[in-house]
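The structure under discussion appears below in the form of structure tokens.
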Amino acid sequence: MQDRPAKLSPVKLSCRHVWKLYGPNPDRLLANGAAPSLDDIRRSNHVGAVRDVSLEVHEGEIFVIMGLSGSGKSTLVRCLSRLIEPSAGQILFNGQDLLKTSDKDMIEIRRHRMGMVFQHFALLPHLTVLQNVAFPLEIQGIDQKTREVRAREVIGLVGLTGREDYFPRQLSGGQQQRVGIARSLAVEPELWFLDEPFSALDPLIRREMQDEFLRIQQKLKKTIIFITHDFDEAIRLAGRIAIMKDGALVQVATPEELVMAPADDYVAAFTAHVPRAKVVTLGRIMTPGAAAHIAGSLPATTRVEDAADQIEASALPFGVTDDDGQVIGHVTGRAIIDVLIGRADAAANGGQSWGTP
């Protein structure tokens, strides 16, 4: 899982007041910076696919977008890459306004600096797996030997070694999905847009692909915008999660903040069944200050689930450290048990420590 750093890195991609309305005259509704309500949009026979969305994605961040079907998350991602033209707003990629960028330049940006994996991959049926994966490198003008070496590497990463010469029609749906993932990985872009990329994979391969993306993230510090319906997957991958409803952002927060301090009843219902131990960190449940004797120390960003066995087995508390390795508090086995059995939810939502003196 990816924890958000204490000091955020530079902004890679941002959008400001982005709208996408479908209907007879969206320009009229949005004239002069107007922000029509959902009721106004519907009464005028328009559909508010994306409504007044503003967010920032930082360099090296895995930013997850979630929401029910029809919430606008896939449309938003396509607006961010300008595969769909927004009705209004501003989209900045490394400070460059994409809505003022020519179509020709946008093609070059997508070809060299963005990677995209959507639910339907549109694999080229007349090309083999190897040729499909190498295709974006061919478009970039990379020589055949180099692109085939890179393509074989990523084919191995997604578990399709031995199927390089297969055609898409000879593959299962899950295998076709892995070809699409490999094709995106081959380009090694600055920014990846991933729309439910693992949804058709069996649990073992899905976990392996999550591991691979986390490994790549740790090594290359790429920026990833990732759509999923699976909150467990989001918790594992995300630095921050955006929850959408009816085309609008409801809350953007860390997994821990979403679960423990939901912005409204919709977010609370969305996260109601998430085990607290998967998202709660030691920093939230610690008792401030150093203990007289400790068994060891762990970072404040450590999730309870990852530290529970170690702390519960110790007669002494564990120190909790900040980003500089300084002890800022301590956690006891009792505090861990409180999280595991749900006894401390009320205290957490009130912003209180869960540790015992």
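No value in this document is a laboratory result; all are computed from the given coordinates. Predicted, not measured: the structure shown is a model, and the values here were computed from it. Every residue, glycine as well, gets a Cβ built from its backbone with ideal geometry; the counts of neighbours run over all protein chains shown.
To the nearest 500 deg cm²/dmol, what mean residue ellipticity at 222 nm is calculated for the chain from DSSP H runs of n ≥ 4 alone, each contributing -39,500 (n - 2.57), summed and divided by the residues?
That comes out to -10000 deg cm²/dmol.
Taking every DSSP beta bridge with both residues inside the chain, roughly what % is antiparallel (nearest 5)?
If I count the DSSP bridges inside the chain, around 55 percent turn out antiparallel.
Would you kindly state how much longer the chain becomes between Arg113 and Ala308 on full extension, computed as 0.36 nm times their sequence separation minus their alpha carbon distance, in nm to one decimal?
Full extension from Arg113 to Ala308 adds 66.1 nm.
Along the charge dipole of the chain, pointing to its positive end and built from +1/-1 on Cβ of Lys, Arg, Asp and Glu, which listed residue (Thr128, Val179, Ile341) has its Cα farthest out?
Farthest towards the positive end: Thr128.
Just to be sure I understand, if you calculate semi-axes √(5λ) of the Cα gyration tensor in Å for this structure, which of [x] 38, 29, 18; [y] 34, 23, 20; [z] 38, 21, 20 do you get?
Derived directly from the coordinates: [x].
Only Lys, Arg, Asp and Glu count, each charged at its Cβ (+1, +1, -1, -1), so figure out the dipole size of segment 277-349 about its Cα centre, rounded to 20 debye.
That gives a dipole near 200 debye.
Mind checking which lysines have their Cα closer than 22 Å to the Cα of Lys221? Skip sequence neighbours fewer than 8 apart in that chain.
Lys7, Lys12
Between Arg334 and Glu85, what is the label-point separation in nm under the 7 Å Cα-to-beta-carbon projection?
Between Glu85 and Arg334, the simple spin-label model gives 6.5 nm.
Please compute the length gained on full extension between Asn25 and Phe167, using 0.36 nm multiplied by the number of residues separating them and subtracting their Cα-Cα distance.
46.7 nm
Could you give the nm distance between label points at Glu208 and Asp40, where each point is 7 Å from its Cα heading toward the beta carbon?
It works out to 5.3 nm between the two label points.
Among the DSSP beta bridges whose two residues both lie in segment 277-349, what percent are antiparallel, rounded to the nearest 5?
Bridges in segment 277-349 are about 70 percent antiparallel.
How long is the gain from His229 to Asp265 if the chain were fully straight, where each residue apart is worth 0.36 nm and the alpha carbon distance is subtracted?
Result for the pair: 11.1 nm of gain on full extension.
Add +1 for every Lys or Arg and -1 for every Asp or Glu among the other residues with Cβ under 11 Å from the Cβ of Arg16, and state the total.
-3
Need the C-alpha centroid separation for segment 162-184 versus segment 58-106, integer Å.
If we compute the Cα centre of each part, the gap is 27 Å.
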